[in-house]
1. For LYS348, which of the numbered conditions (1) under 16 Å from THR275 (Cα atoms); (2) out of contact with any strand residue (DSSP E or B) (no Cβ under 8 Å at 6 or more places or on another chain) fails to hold?
2. Please count how many residues of region 302-351 are part of a strand (DSSP E or B) and away from ligand 2 (no atom under 16 Å from the Cβ).
3. Under 9 Å between Cβ atoms, at least 6 apart or on separate chains: pull out the pairs that start in region 360-388 with a residue that is closer than 14 Å to GLY328 by Cβ and in contact (Cβ under 8 Å) with a residue 60 or more places away in the chain and end on any residue that is more than 8 Å from ligand 1 (Cβ to nearest atom) and in a loop (DSSP other than H, G, I, E, B).
4. Collect the residues in region 12-41 that are polar (S, T, N, Q) and either touching a Cys at 6+ places or on another chain (Cβ under 7 Å) or closer than 13 Å to GLN191 by Cα (or both), keeping them in residue-number order.
5. Pick out the one residue from SER28, SER79, SER110, SER52 that is of a type in the set (Ser, Thr, Tyr) and touching a Lys or Arg at 6+ places or on another chain (Cβ under 6 Å).
6. Within region 331-351, count every residue that is surrounded by fewer than 17 Cβ atoms within 10 Å (Cβ to Cβ) and either in contact with a Lys or Arg (Cβ under 9 Å, 6 or more places away or on another chain) or of a type in the set (Lys, Arg) (or both).
7. In the set MET221, MET193, MET166, which member is in contact with a Ser or Thr (Cβ under 6 Å, 6 or more places away or on another chain), part of a helix (DSSP H, G or I) and of a type outside the set (Val, Ile, Thr)?
8. Counting only residues that are in a loop (DSSP other than H, G, I, E, B) and buried (at least 20 other Cβ atoms within 10 Å of the Cβ), which one in region 370-401 is nearest to ligand 1 (Cβ to nearest atom)?
Amino acid sequence: MTLFRDLIHNLFYIITPVFLYYTFWSGSGLERHRKMSALIFFALGSASMLLSMMFPVEISGFKFDYRYLAVIFAMLYGSWILALALMLTQFVFRILMVGPHDVAFYLYFSVLVFIGFYLLSRHYQTFSVKKKMTSYAGLLAILCSLSAVFSSSRFADSRLEMLIYMGQFFLIYAGGSILLIYLVERLLDSQRMKADLRKSEQLRTVSELAASVAHEVRNPMTVARGFVQLIHSSPSLTDSERKYLQLTMSEIDRAQHIISDYLSLAKPKDSRLETISVSQALDQVRHTIQAYALMNNVSVFLDVPSGMKVRGDEKELMQVLLNLAKNGIEAMPDGGKLFLTASHAGEKVRMTISDTGTGMTKDEVRQLGEAYYTTKEKGTGLGLMVSFSIIRSWGGQIDVKSAPGKGTAFTIVLPAVRESAGLDQTVESEDVNRV
Ligand code: ADP
Ligand code: MG
């Protein structure tokens, strides 16, 4: 029983500092002060080392503690300098607590740990969580084997005893570390998610504000321009007066142009037209909305022949497709089916996103794409507006077919990219019926 108690105590010594650091310091905004961060990391690491060394776990005559974990974690999640500082501190603790007894083995193992984890730390952050855990356990196994085979310690009388000791050491460390890695990764993950959320929330607020200002300003400007035009056509004006009015109108036009740009919102500044694979784009959409669909009890079906290509900005096309797919799912509060299909129609590509949801009346369809038109409590009424404007800017259109109670189909029609004519060639056509 004391074994379990001691193990749990030791786990507490290593988990608490990690928890304190990642919940209260890192992610609080203060972690930008790098020196302070390092100092706090160092202080918490030292405390955990000291406590762990003072209250070790005893298993069949051997004493174990988690003294190396602080060093290893400093190496993997901090820097090698931090790890070195903790290693030296640990050495001082060790000398003060046990004296020079058996110091050769201690130094041998410490150097091994330091070098081994230094090499791992150079690639560690690029790994997935699973790979982090397996590479960690693998390295630990190698280090333990090296120590068991090539060194001896005073407290192990024979090679066999040394092997047993290192085996137990490995199990205890692997268990504790895997738990710790998992915890740290989860905490970092939630921090990243929080930051992303904050960013997208800001973006949403800004673009909503921009759109609302643009929307409110546009109407009075149209009225003003109308009157200026009226005066401009009056015969009693002098030449210079007419010139001034002309200037006023062109300035109003320019301002309206800027406002239209604002209305296409989150449009990235570096938007570049490229050739996009339709099947890849729709497949990616399916992936992205899978969780959201599942949550709403919606099954997603994909039917797209390969080889279809259109020209546009990939990010913007994804934005449009996701908007439409999300609307489709939201129109099915009791679950249903969402179809993502694509087909060739002459020289055009048709991408259809259809649902078996509530549908809309003709009047409602007519209002689609207007700023702020939404029937949802938390809707913005901007999604379709932006989507329509993006597709229009590429010379395409979005058709809507809807029947109340049956469902809705949104079809994006874009010029197909002809394979044989080279990737940059798009097919022109006359009959564009825009929504
Ligand atoms: P939001 O989703 O924020 O409300 P949108 O511009 O995306 O804004 O959509 C505007 C409105 O159009 C929605 O509130 C909804 O009433 C209607 N709508 C859009 N897509 C569908 C659909 N697939 N089925 C039924 N109604 C839809
Ligand atoms: Mg929407």
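1. Of (1) under 16 Å from THR275 (Cα atoms); (2) out of contact with any strand residue (DSSP E or B) (no Cβ under 8 Å at 6 or more places or on another chain), only one is false for LYS348: (2).
2. Residues of region 302-351 that are part of a strand (DSSP E or B), as a first pass: 302-303, 309-312, 336-345, 348-351.
From the residues that got through so far, the ones that are away from ligand 2 (no atom under 16 Å from the Cβ) too are 302-303, 309-312, 336-337, 339-345, 348-351.
So the count comes out to 19.
3. Every condition considered, the pairs that remain are LEU368/VAL435; LEU384/GLU370.
4. Let us first name the residues in region 12-41 that are polar (S, T, N, Q), namely 16, 23, 26, 28, 37.
Scanning region 12-41 gives THR23, SER26, SER28.
5. On the way: SER28 fails: touching a Lys or Arg at 6+ places or on another chain (Cβ under 6 Å); SER79 fails: touching a Lys or Arg at 6+ places or on another chain (Cβ under 6 Å); SER110 fails: touching a Lys or Arg at 6+ places or on another chain (Cβ under 6 Å).
Going through SER28, SER79, SER110, SER52 in turn, the sole match is SER52.
6. So the answer is 4.
7. MET166
8. Ranking the qualifying residues of region 370-401, first place goes to LEU382.
Where a number appears in this text, it was derived from the coordinates with a stated rule and is not lab data. Everything quoted here is computed from the prediction, not taken from an experiment. Positions of Cβ are generated from backbone atoms using ideal geometry, with glycine treated the same way; all protein chains shown enter the neighbour counts.
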